[in-house]
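As structure tokens, the structure follows; a few thoughts come after it.
A short reminder: the numbers here are calculations on the coordinates, not readings from a lab. Quantities reported herein were computed from a predicted structural model and do not represent experimental measurements. So basically every Cβ, Gly included, is an ideal-geometry build from the backbone, and we count neighbours across all protein chains shown.
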Amino acid sequence: MGKNILIISSDNTGHGHKSITESLFEKINADSDVNIRVIDGFSLGGAILSNIGKSYGPITRNAENVWKLVWNLSALKPTVVDHFIEILIRNNFLKVLDEFKPDLILSVHPNFNGSVLNILEKHQIKIPFVILIADLVNIYPLWADKRADYIISPTTEARDKCLEYGIPAENIKLLGFPVRSRFFRKSPRDKVTYQQGTPLKCLIMSGGEGVGNMKTIAENLLEHFDCTVKIVAGRNAKLKAKLEQSLKGKYGDKVEIYGFTKNIQDLMLSSDIAFTRGSPNVMFEAIAANVPIIITGALPGQEEENPAFASKRNLGVVCKDTKDIIRTINHLLENDCEKLNEMIECQQNFINSHAAEDILQFILDVEEGTEKVSVATRVLSTARS
């Protein structure tokens, strides 16, 4: 009989939750007896909760201070958030359980941890429940619910935060951040060189929602360096149109502008440097693609400590002020791109290319009750290789 895994995710609060889910999906063999069903948690709550989920993009694009206020207030009273969402999703969630009959539930969104656990507890439903944290450092209290069977942490910082919230150490598994396989290079990349006649290939991104000073960054690059620039504006159609109007006429073929694209890995893999904000998913995809990153900002709340996380490990550099871009690039390019190439090496040593595989295997082992043996075996085999 097949194993049914229910994943609670989100379709509209950034693209990171969906990317994580996809990275797990692709590790399932075609002949496997594992059945995965993914549901958008916000859709379970009817129009009210769906509209809340859909408001994430406009708020984070246009009113970061409002988002910071929402994040801080809900972090102060996580049980209130849990109870509110529980009321909205209860009936539809119970229907999903009855139809799909999951053997395990995996949550990759903080808003549905306590709320789902409340429902399972009140209805005396015994299904293993695992949380996969999708943030890196400054994690939401909603990620840390003591009733979860296990919490999978992508970083030591997120693990330590869980310990601060009172999660027992034995219930936290440090397995890395899952990235879709197409972002990894088939062979190690060559060192970056910057010579006259060989333009530096720059990529400017800002996560799925398309925010940030993309125009100013592009102008600084194109005016002061021999380079080409590709810009990904994400779902922000207005930003894409403005960038095309202001940049294409002046710089022609030196600049290309994209909306939301499904082949972002190709753009990363063909770039020497990537400019991005502190989205954990985008940062880790760039690291997997082995592209040095320049972090230009971060969303208040869950992302605000991510730039320092990357800088500390020499995975990227932080440049929040567009006035510092020229100085930052010059520093990376001096001495035959010494700093850029150091960053490339640090990324190669840091990234866990097996994270998605490890996580999928772990949750299957939890369902089977063999998680301790399997994870120990996996760690030993990884160390030997």
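So how do 129-137, 2-10 stack up, highest first, on mean other-Cβ count within 10 Å? Walk me through the intermediate numbers first.
On the way: 129-137: 25.4, 2-10: 21.2.
Output ranking for 129-137, 2-10: 129-137, 2-10.
Nearest 20 debye, what's the magnitude of the dipole of the chain about its Cα centre given +1 on Lys and Arg Cβ and -1 on Asp and Glu Cβ?
700 debye
Mind checking which aspartates and glutamates have their Cα closer than 20 Å to the Cα of K312? Skip sequence neighbours fewer than 8 apart in that chain.
Those aspartates and glutamates meeting the cut-off are D135, E157, D160, E285, E303, E304, D321, D324, E338, E342, E345.
Mind checking which of F25, T198, G176 is farthest towards the positive end of the chain's charge dipole, using Cβ charges of +1 (Lys, Arg) and -1 (Asp, Glu) about the Cα centre?
T198
How far, in nm, would the chain grow between K77 and Q124 when pulled straight, counting 0.36 nm per residue and subtracting the alpha carbon separation? Each step should come with its number before you reach the end.
On the way: separation 47, 0.36 × 47 = 16.92 nm, distance 2.50 nm.
Working it through step by step, the gained length comes to 14.4 nm.
Considering only DSSP beta bridges with both partners in the range 183-350, what is the antiparallel share in %, to the nearest 5?
5 percent
As a check on your grasp of the helix formula, calculate [θ] at 222 nm for the chain: sum -39500 (n - 2.57) over DSSP H runs of n ≥ 4, divide by the residue count, round to the nearest 500. Could you put the intermediate results ahead of the total?
Numbers: 15 runs with 175 residues, N = 385.
For the chain, the value works out to -14000 deg cm²/dmol.
From the cross-link list K201/K339; K18/K230; K18/K262; K68/K230, which pairs have alpha carbons spaced over 18 Å apart?
Cα-Cα > 18 Å for K18/K230; K68/K230; rest within.
Rounded to two decimals, what ratio of Rg to Rh does the range 246-335 give with C-alpha atoms and a Kirkwood Rh?
We get a ratio of 0.97 for the range 246-335.
Given N residues in the chain, what is its alpha carbon radius of gyration divided by 2.2 N^0.38 Å? Before the final figure, lay out each step's value.
Numbers: Rg = 21.4 Å, N = 385, 2.2 N^0.38 = 21.1 Å.
Taking the Cα Rg and dividing by 2.2 N^0.38 Å, one obtains 1.01.
What's the ranking of 94-101, 316-323 by average number of surrounding C-beta atoms within 10 Å, highest first?
The most tightly packed comes first, giving 316-323, 94-101.
Go through 144-156, 270-282, 348-360 and give me the packing order, highest mean Cβ count within 10 Å leading. Spell out each step's value before the answer.
Numbers: 144-156: 20.5, 270-282: 23.9, 348-360: 18.1.
Sorting 144-156, 270-282, 348-360 by mean packing, highest first, produces 270-282, 144-156, 348-360.
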